[in-house]
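Read the structure below first, then the notes.
Bear in mind these aren't lab numbers, they're just calculated from the coordinates by the rules spelled out. It should be emphasised that the depicted structure is a prediction, and the values quoted were computed from it without experimental measurement. Note that we place each Cβ from the backbone using ideal geometry, even for glycine, and neighbour counts take in every protein chain shown.
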Amino acid sequence: MHVNISQRGYYTFRSESEFWSDGSLYNGTFDPNFRGINLVASGHYIGSSSQFFIGYPLETNVTYILVYSTYYAGIIGDFRVVSIGPESLTLIPYKLPSK
């Protein structure tokens with residue numbers, strides 16, 4: 001998901017779903033074949049919760065991509081990402097560029 005903000009500051013993201021989840025925040029681009037490139041923050045399930053949590057200071061006019069994934073392969077279903085920050089933000093679906 002593209003993360004669009006209008007005010008810089010510290011933002012948090014957490015998932016809500018019925019399955020174990022991971023989240024990763026990228027600056028610029030995301031390539032699933034090289035998941036460590038442009039990675040700025042990642043969040044795995046916390047404690048007894050199966051949901052991810054990420055907190056990171058975001059800047060305006062920077063492209064951020066939030067990637068949601070399940071902890072186990074082949075799991076599909078509904079999920080929600082909740083965000084909190086100094087101003088509301090927009091999450092827009094992200095489609096990988098064609099090669």
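Answer yes if at least one residue in segment 41-48 is under 15 Å from Ile65 (Cα atoms) and of a type in the set (Val, Ile, Thr), and no otherwise. If you could, list the steps in order and put the result at the bottom.
First, the residues of segment 41-48 that are under 15 Å from Ile65 (Cα atoms): 41-43.
If we keep only those that are of a type in the set (Val, Ile, Thr) as well, we get none.
No: zero hits.
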Quiz item: How many residues are surrounded by 16 or more Cβ atoms within 10 Å (Cβ to Cβ) and under 14 Å from the mean Cα position of the chain (by Cα) when one looks only at segment 18-39?
Solution: 9
Exercise. Report, by residue number, each residue of segment 63-99 that is under 17 Å from Ser6 (Cβ atoms), under 15 Å from the mean Cα position of the chain (by Cα) and surrounded by fewer than 16 Cβ atoms within 10 Å (Cβ to Cβ).
Key: Thr63, Ile84, Thr90, Leu91, Ile92
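With respect to Tyr10, determine if the residue is surrounded by 14 or more Cβ atoms within 10 Å (Cβ to Cβ) and in contact with a strand residue (DSSP E or B) (Cβ under 7 Å, 6 or more places away or on another chain). Don't jump to the end; show me each part of the working.
Values: surrounded by 14 or more Cβ atoms within 10 Å (Cβ to Cβ): no; in contact with a strand residue (DSSP E or B) (Cβ under 7 Å, 6 or more places away or on another chain): yes.
No.
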